[in-house]
Structures are given as structure tokens and as C-alpha cells.
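Some notes on the structure that comes next.
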């Protein structure tokens, strides 16, 4: 009887652990994440979150630099010369995450923040403009796709 109880307890614990692992995977690969493909420069883009905010709509987009060595070199140079990031740390840059906020009609956007990360997801450098400037959304851009997902126009 003790062996049966111990075996049952082990099965329950294994089931609970696998269920927790599935939750982790579901969060990591959420259906809200949208692959936008590569832009003209060959850089891979994703929309990783979108929705509504107090002022209108928002989207969070990621740009992956491992898909274009020339663009990454330019970014590394900018990080070291303009922002004082060490060369070795700047070379670790893997992706940038942009938070975009849109007007309530979805016709204009503002970049609220830009944060650069390494492959482990650790922040390298961030930029948050003090004054928010709204720019018209241009069709067939990352910004236009972000607001379209946020407004529910595409899924």
C-alpha cells in the first residue's frame, strides 16, 4: 500500500511539473506574437504584444539584429560612440524592443521607448524620449501592422 501511495504521489508531481512547463511554453509562444518577416534591410521583425491603453492603442515590436550583420555593426558603432556602451557589451546586442503608442483613431504613433537586449534578455541600453512626437502611420510598415493587430483589424 505504501508503494502504491508513493507511486501515485510521484505521478501527481510529474503531472503537475509537466503542466507548469506547458504554461511556460504557452507564455513564451503566445498566439499574440506575430511574425512580420524581414524588412527591406533584411532584419527580422515580430509584434510581441498589442492592445488598448488609456490613450488609444499600443504595440510592442521587436527587431532582431542577428539577421543582418551590417545593420548590427552600425548599431554596435552607435552604441559605443553615442551612448558609451563598452565594445564587448555592444557586440552582444541581439534584439531591440520598441513600445509604440497610437492615437485613439490609430492614424498616428509615437515611439515611447526603445530597449536593446542581449541573447539572454538582459538589457544593454534603453532610450525613452522625453517629448512624445506623433508621426503618421504609413501603410505596410511595422507600425501599421502593429496598430492593425491592436485594433483587431487583422489576427
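Side notes on the structure shown:
- Going from the residue with the fewest nearby Cβ atoms within 10 Å to the one with the most, 34, 72 rank 72, 34.
- Note on 151, 119: ascending count of other Cβ atoms within 10 Å places them as 119, 151, the fewest first.
- Those residues of the stretch 34-57 whose amide nitrogen sits under 18 Å from the label point placed on residue 132, 7 Å along Cα→Cβ: 49-57
- By the count of other C-beta atoms within 10 Å, a proxy for reagent exposure, 62, 107, 155, 40 are ordered fewest to most as 40, 155, 107, 62.
- Gap separating the Cα centres of the stretch 92-135 and the stretch 32-80, nearest whole Å: 9
We did not get these values from a lab; they are worked out from the coordinates using the rules stated. Because the structure is a prediction, the values reported are computed rather than measured. Quick reminder, even Gly has a Cβ in these numbers, built from the backbone with ideal geometry, and neighbours come from all protein chains shown.
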